[in-house]
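Beneath this line is the structure, given in structure tokens, with notes to follow.
The values are calculated or read from the model by the stated rules, or taken from the named source; none is laboratory data. Treat the numbers as computed from the prediction; the structure is a model and nothing was measured. Note: ideal-geometry Cβ built from the backbone for every residue, glycine included; neighbour counts use all protein chains shown.
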Amino acid sequence: MRKLEGKVAIVTGGSSGIGKETTELFLAQGAKVVVADIAKQAEVYVEGLVKEGKEAIFVKTDVSKEEDIQNVVNEAVKHFGKLDIMIANAGIGHPGTPIKDYTLSQWQQMMDINLTGVFLSNKYAITQMQKQATGGAIVNVASIMGHTGRDGLASYNAAKGGVVNLTRSLGVSHAKEGIRVNAVNPGFVETPILSGASSAALDHLISLHPIGRLGRSEEIANAILFLASDDASFIVGTNLMVDGGYTAI
Ligand SMILES: NC(=O)c1ccc[n+]([C@@H]2O[C@H](COP(=O)([O-])OP(=O)(O)OC[C@H]3O[C@@H](n4cnc5c(N)ncnc54)[C@H](O)[C@@H]3O)[C@@H](O)[C@H]2O)c1
């Protein structure tokens, strides 16, 4: 039995890394998927999925723009008739910068994409789910960096910390409507977001995970699927750590 049979899901940032694995896992589990991404290659990626017979559409979306999020929710309903699941995954990384060199515009860009983008994705998904009155599931992709601090990552730490508590707040607010809001909190995962890191930096990151390696995108996607599916029917407002033990130390 497929876990998302007949469900309609939006995956923001759904064409790369964790989002791409999630898109493909959701399709394999019977969902229709709207890939909401800002990247040029996302359109070609979704065309490939459609050629394989998958039920996916691409909607060019900048998650930091309110009109783009309204549009992608509308497109999901127009093409597939409803919205059951929102995966607020899109995000940008951070090379690590001392606060004195970090500009206000860099700070604002981080907040706009990694925190406001999640707020907007939740707001318009919940609004649509309330109209449908059949419940729904939202999974935000936060981070271990929302629970711990790391040298030079102030804005990323702050934005992800915001996602952690936004998830709790919305989980509490919408549980009675059957709309479950939860988050996964990955450790460091081998994706393009880490492409700027040197091999020494990667070795150091590996050493921080008791499991002795970085995560794989499919391991995060599996946790996202769990929280999005009825298997997690009593899980609300939680932050699931998927981090090889990083935060258990
Ligand atoms: N890789 C890690 O180590 C790690 C660890 C913890 C949390 N995360 C989080 O996981 C999520 C996915 O990251 P990833 O590692 O798969 O990175 P990635 O760079 O492979 O994917 C990010 C995706 O988001 C899209 N995106 C970026 N800005 C956008 C915007 N404004 N609007 C719409 N789409 C946008 C990109 O085009 C890309 O498809 C992010 O929120 C990231 O912070 C990643």
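Determine, yes or no, whether Gly171 is assigned to a helix (DSSP H, G or I), within 13 Å of the ligand (Cβ to nearest atom), surrounded by 14 or more Cβ atoms within 10 Å (Cβ to Cβ) and at pLDDT 95 or above. Let's see the steps before the verdict.
Working: assigned to a helix (DSSP H, G or I): yes; within 13 Å of the ligand (Cβ to nearest atom): no; surrounded by 14 or more Cβ atoms within 10 Å (Cβ to Cβ): yes; at pLDDT 95 or above: yes.
No: the conditions fail for Gly171.
Hey, could you check the stretch 213-246 for residues that are crowded, with 16+ Cβ neighbours inside 10 Å and hydroxyl-bearing (Ser, Thr, Tyr) and say which is nearest to Asn182 (Cα to Cα)? Per the criteria, the residue is Thr238.
Among the residues in the stretch 108-118, are any modelled with pLDDT of 95 or more, more than 12 Å from the chain's Cα centre (by Cα) and over 17 Å from Lys160 (Cα atoms)? Checking the stretch 108-118: not a single residue is modelled with pLDDT of 95 or more, more than 12 Å from the chain's Cα centre (by Cα) and over 17 Å from Lys160 (Cα atoms). Across the stretch 177-212, the number of residues qualifying as part of a loop (DSSP other than H, G, I, E, B), exposed (fewer than 12 other Cβ atoms within 10 Å of the Cβ) and modelled with pLDDT of 95 or more comes to 1. Against the condition within 12 Å of the ligand (Cβ to nearest atom) and under 14 Å from the mean Cα position of the chain (by Cα), how does Val63 come out, does it pass? Here the answer is yes, as Val63 does meet what is asked. Scanning the stretch 25-53 for residues that are in a loop (DSSP other than H, G, I, E, B), farther than 18 Å from Val73 by Cβ and of a type in the set (Val, Ile, Thr) yields nothing.
Taken as a whole, the structure leaves Glu75 outside the set of residues that are under 30 Å from Asp230 (Cβ atoms), modelled with pLDDT of 95 or more and away from the ligand (no atom under 16 Å from the Cβ).
Would you mind stating whether Val139 is assigned to a strand (DSSP E or B), of a type in the set (A, V, I, L, M, F, W, C) and either in contact (Cβ under 8 Å) with a residue 40 or more places away in the chain or in contact with a Ser or Thr (Cβ under 9 Å, 6 or more places away or on another chain) (or both)?
Details: assigned to a strand (DSSP E or B): yes; of a type in the set (A, V, I, L, M, F, W, C): yes; either in contact (Cβ under 8 Å) with a residue 40 or more places away in the chain or in contact with a Ser or Thr (Cβ under 9 Å, 6 or more places away or on another chain) (or both): yes.
Against the criterion (assigned to a strand (DSSP E or B), of a type in the set (A, V, I, L, M, F, W, C) and either in contact (Cβ under 8 Å) with a residue 40 or more places away in the chain or in contact with a Ser or Thr (Cβ under 9 Å, 6 or more places away or on another chain) (or both)), Val139 qualifies.
Only a single item in (1) within 15 Å of the ligand (Cβ to nearest atom); (2) not in a helix (DSSP H, G or I) is not met by Thr22, and it is number (2). Per the listing Ile92, Ile126, Ile138, the residue uniquely under 26 Å from Ala56 (Cβ atoms), surrounded by fewer than 24 Cβ atoms within 10 Å (Cβ to Cβ) and within 15 Å of the ligand (Cβ to nearest atom) is Ile92.
Evaluate the stretch 98-106: report whether one residue or more is closer than 30 Å to Ala201 by Cβ, within 13 Å of the ligand (Cβ to nearest atom) and at pLDDT 95 or above.
Our first condition is that a residue be closer than 30 Å to Ala201 by Cβ; within the stretch 98-106, this holds for 98-106.
Now restrict to residues that are within 13 Å of the ligand (Cβ to nearest atom): none.
Among the residues of the stretch 98-106, not one is closer than 30 Å to Ala201 by Cβ, within 13 Å of the ligand (Cβ to nearest atom) and at pLDDT 95 or above, which makes the answer no.
Is it true that Val44 is within 13 Å of the ligand (Cβ to nearest atom), of a type outside the set (Ser, Thr, Tyr) and crowded, with 16+ Cβ neighbours inside 10 Å? In short, no.
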